[in-house]
Amino acid sequence: MANLAQPEKVYDNRAIGVFDSGVGGLSIAKCIAKQLPNENLIYVADTLHAPYGEKSVAFIQQRVNVIADALVAKNVKAIVVACNTATVNAIEQLRARLSIPIIGVEPAIKPAAKHSKSKHVAILVTQATAENPRFQALVAQHKNGSKVFIQPCPGLVELIENDQLHSQQCEQLLRQYLAPMVKHNIDTLVLGCTHYPFLSDKISAALGADIKLIDTAAPVTQQLQRVLTAHSSLQGEKAKAEHHFYSSLASPAQQRLFEHLWQQPVQLAAL
Ligand code: DGL
């Protein structure tokens, strides 16, 4: 008699690689871990070379290639470039080099312009994002009649990387960068660097709760899910996910920072 049993469904339990110049990409990885709880994750922070936002395009591309190659060597099934600066400066050449799906993070200018009633929108970014032609084209393409204020924020990433989120210096820099926003009468603010969601509370406190903050963790996670589904690459429903963390500057202080931001115990290994 013919065997009518359905072939067993095969799931892809390879990990998803996620990386950033440092801990900023954890804001994306947290959303992925929440929305896709069965997926194994490998997170890499290039802490030794952070911040990318004050580096040249050539340097950023070189580091992105090194980190992505390390993730490919760990057999990841897709890579999330959880860094706006790396995405706008290096994702095209990375996609040309690798055959696995690469998902990037770009400042959410389109939803911001759609949401804004005052048609005054601001974007907080790193210097290297602000200067990037691909980013400027994205703003021009999606601003939809809004006036868009682009605010580079040098110094903020370093403070977050050094676990100085609650320092006076951080408060002072935020005041300095946010003062023009208030003057420009914005009603929507895009967090165009994955480190900045860790400052959301402080930014809202400074600007007032009426200003809508927009980050990209949820849409990036949705895009990742779409891409994995299209590649039949989602993990099975009952799998127990593992999360592994690496840094190019693994130290006890780094591990504490990871745990503070991830809000769970973390084993941080050297890349
Ligand atoms: N978290 C990064 C971003 O989204 C990079 C910050 C940096 O290294 O300057 O742009």
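The values are calculated or read from the model by the stated rules, or taken from the named source; none is laboratory data. Fair warning: this is a prediction, and the values are worked out from it, not measured in the lab. In this analysis, Cβ positions are derived from the backbone assuming ideal geometry, glycine residues included, and neighbour counts consider all displayed protein chains. Just so you know, the surface numbers come from the protein's heavy atoms only, side chains and all, with ligands and any DNA or RNA stripped out. Shrake-Rupley method; radii C 1.70, N 1.55, O 1.52, S 1.80 Å.
When the stretch 114-133 is filtered for residues that are within 15 Å of the ligand (Cβ to nearest atom) and either assigned to a strand (DSSP E or B) or within 30 Å of residue 234 (Cβ to Cβ) (or both), the ones remaining, listed by number, are 123, 124, 125. State yes or no: is residue 44 crowded, with 23+ Cβ neighbours inside 10 Å and closer than 16 Å to residue 197 by Cβ? No.
Yes/no matrix, rows are residues, columns are (1) of a type outside the set (Val, Ile, Thr); (2) within 17 Å of residue 231 (Cα to Cα); (3) in contact with a Phe, Trp or Tyr (Cβ under 9 Å, 6 or more places away or on another chain):
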position: 78; (1), (2), (3): yes, yes, no
position: 88; (1), (2), (3): no, no, yes
position: 91; (1), (2), (3): no, no, no
position: 99; (1), (2), (3): yes, yes, no
position: 112; (1), (2), (3): yes, no, no
position: 116; (1), (2), (3): yes, no, no
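Screening 160, 102 for residues that are under 20 Å from residue 218 (Cα atoms) and open to solvent by less than 20 Å² (accessible area, probe 1.4 Å) leaves exactly one candidate, 102. Scanning the stretch 185-200 for residues that are touching a residue at least 24 places away in the same chain (Cβ under 8 Å) and exposed (fewer than 15 other Cβ atoms within 10 Å of the Cβ) yields a total of 1. When the strands (runs of 3 or more DSSP E) confined to the stretch 1-113 are screened for residues that are away from the ligand (no atom under 14 Å from the Cβ), under 19 Å from residue 248 (Cα atoms) and free of Cβ contacts under 8 Å to residues at least 12 places away in the same chain, none reaches at least 1 such residues. May I ask you to list the residues in the stretch 193-217 that are among the acidic types (Asp, Glu) and outside any loop (DSSP other than H, G, I, E, B)? Of everything in the stretch 193-217, just one residue is among the acidic types (Asp, Glu) and outside any loop (DSSP other than H, G, I, E, B), namely 201. Can you confirm whether residue 190 is in contact with a Pro (Cβ under 6 Å, 6 or more places away or on another chain), away from the ligand (no atom under 16 Å from the Cβ), modelled with pLDDT of 95 or more and not in a loop (DSSP other than H, G, I, E, B)? Taking the combined requirement at face value, the residue does not satisfy it.
Being in contact with a strand residue (DSSP E or B) (Cβ under 6 Å, 6 or more places away or on another chain) and either more than 16 Å from residue 112 (Cβ to Cβ) or exposed (fewer than 15 other Cβ atoms within 10 Å of the Cβ) (or both) is the filter here, so list the residues in the stretch 201-225 that pass it. Matches in the stretch 201-225: 223, 224.
Among the residues of the stretch 140-154, the ones that are surrounded by fewer than 18 Cβ atoms within 10 Å (Cβ to Cβ) and farther than 23 Å from residue 115 by Cα come to 1 in all.
Residues that are touching a strand residue (DSSP E or B) at 6+ places or on another chain (Cβ under 7 Å) and part of a helix (DSSP H, G or I): does the stretch 256-267 have at least one? Within the stretch 256-267 (the criterion being touching a strand residue (DSSP E or B) at 6+ places or on another chain (Cβ under 7 Å) and part of a helix (DSSP H, G or I)), the answer is yes, since at least one residue qualifies. Quick one: would you say residue 137 is open to solvent by less than 70 Å² (accessible area, probe 1.4 Å), modelled with pLDDT of 95 or more and either within 21 Å of residue 212 (Cα to Cα) or assigned to a loop (DSSP other than H, G, I, E, B) (or both)? Judged against the criteria, residue 137 is not a match.
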